[in-house]
Amino acid sequence: MKERFDFRTYWRRHWYEIGGIIFVALSFIMGLWGCYHLPRIQVILVFSWMAMLAHQVEEYGFPGGFPSIANIAAFGEKKEKDRYPFNQLQCFICNVFLCYGFYILAILFPDCIWLGASQVCSGALQILVHGILANIALKGHYNPGLGASVFIQTPVAAYYITYVLQSFPGQAWQLWLGIPGLVIAMVIVFIGPVILFRNRDNRYPFDPEEMYGYDKEKILRIYHSDEMPVMKRLGIK
C-alpha cells in the first residue's frame, strides 16, 4: 500500500529547498515588478530576506552540513549527534516560522527603521558566527553560510544603513535601536528555541543526507578526537 504524502513531514525535511524556490520566485517578482513599484527601503528589506534564504540554502543544502558542524564540531556532542542540541524540528521552527516571520514583519513595516535595522543586522551578524566561531571549530577558513554572510548579507546591511543615513537623516537615530532589537530577535528567533527544544530523546533527528555536506571527513575526525569543542571553551554547553 502506497504511503500517504505528509506535507508537514516533507516541509520539515526540505524547508531550505523550498526556501530556495521562494528565493527564485522573489528574484522574478522583484526584478519585474517590485523594484519599480515598492519604496526603495522596502526593496532593500526584501533583498535582505532573499540573502537570508540564500544563507540557509548554503548552510543546509549546498554545500550543507551545518547540523554536523553545530552538533559535533561546535558543541562536541558524542552520543546523539544527529539530534542534540540541534534537531530537525527545532531548525525548521527557527528558520521558517520565526526567522521568516521576523524578516517579513520588517518588510511589512518599512517605516520602522529600528525594526529594519534589526533585520538587516541579524544577517550581518552571521559573519561573526560563521567567520569566527564556526571557523575556529573547524580550524579552517570556510564553512557553509559564510559565503552568503560575506558577499550578500553584510553588503545589504551596509547599504540599508547608508540609505537611511542619506534619505532619512531625521530618523537615523533609530538605527541605534536596532542593536537592542537585534539582541531580542536573536534570543527569540534562534537562541531561545535551541535551549527550549534541546532534548536527547527527541524524535526529530536529521536525516543522514542533512547531517553531512561540507568536509565530512574533517567533521568525523573532530568527532573521534578528544579536543574540547569551541562552545565548551566559551562556557556554553
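Taking the dipole about the Cα centre of region 7-233, with the C-beta of Lys and Arg at +1 and of Asp and Glu at -1, give me whichever of 27, 98, 205 is farthest to the positive side.
Of the options given, the answer is 205.
Calculate the translational D of region 36-117 in whole µm² s⁻¹ from Stokes-Einstein, where the hydrodynamic radius comes from the Kirkwood formula applied to all Cα pairs, the temperature is 20 °C and the viscosity 1.002 mPa s.
The calculation lands on 149 µm²/s.
Rounded, prolate or oblate: which fits region 77-175, taking a ≥ b ≥ c as square roots of the Cα gyration tensor eigenvalues, rounded meaning a/c under 1.5, else prolate when a/b beats b/c? It would help to have the intermediate numbers written out before the result.
Values: a/c = 3.48, a/b = 1.71, b/c = 2.03.
Oblate is the answer for region 77-175, as a/c is 1.5 or above yet b/c matches or exceeds a/b.
Scan around residue 64 for amide H atoms under 5 Å from its own, H built in the peptide plane at 1.01 Å from N, and keep only partners 5 or more places away or cross-chain.
Sorted by chain and number, the residues that satisfy this are 214.
Working out 0.36 nm times the residue gap between residue 97 and residue 111, then minus their Cα-Cα distance, what length gain in nm do you get to one decimal?
Values: separation 14, 0.36 × 14 = 5.04 nm, distance 2.28 nm.
My answer for the length gained is 2.8 nm.
By average Cβ neighbour count within 10 Å, what is the ranking of 196-208, 94-106, 113-125, 53-65 from highest down?
On the way: 196-208: 13.3, 94-106: 18.2, 113-125: 23.6, 53-65: 22.1.
Going by the mean number of other Cβ atoms within 10 Å, highest first, we get 113-125, 53-65, 94-106, 196-208.
Putting +1 on Lys and Arg Cβ atoms and -1 on Asp and Glu Cβ atoms, find which of 70, 15, 170 reaches farthest to the positive end of the dipole of the chain.
70
Roughly how many whole Å is it from the C-alpha centroid of region 1-70 to that of region 195-237?
Region 1-70 and region 195-237 have Cα centres spaced 24 Å from each other.
Using Cα atoms only, what is the angle between the long axis of helix 113-124 and the major principal axis of the chain, expressed in degrees (0 to 90) to the nearest 10?
Compared with the principal axis, the helix lies near 40 degrees.
Read phi for every residue in region 213-222 and hand back ³J(HN,Hα) as whole Hz from Karplus 6.51 cos²θ - 1.76 cosθ + 1.60, θ = phi - 60°, with x for Gly and Pro.
Here the 3J(HN,Hα) series is x, 6, 6, 4, 4, 5, 4, 5, 5, 5 Hz.
Explain nothing, just the number: dipole magnitude of the chain about its Cα centre with +1 on each Lys and Arg Cβ and -1 on each Asp and Glu Cβ, in debye rounded to the nearest 20. Each step should come with its number before you reach the end.
Details: 20 positive and 17 negative charges, 93 e Å.
Dipole of the chain, to the nearest 20 debye: 440 debye.
Any chance you could run the full-extension gain for residue 36 through residue 183? It's 0.36 nm times the residue separation minus the Cα-Cα distance, nm to one decimal. Present the calculation step by step, with values, prior to reporting the outcome.
Values: separation 147, 0.36 × 147 = 52.92 nm, distance 3.31 nm.
Full-extension gain reported as 49.6 nm.
Every number in this text was worked out from the coordinates using simple rules, so none of it is lab data. Because the structure is predicted, anything quoted here is derived from the model rather than measured. Cβ coordinates were reconstructed from backbone atoms using ideal geometry, including for glycine residues, and neighbour counts include every protein chain displayed.
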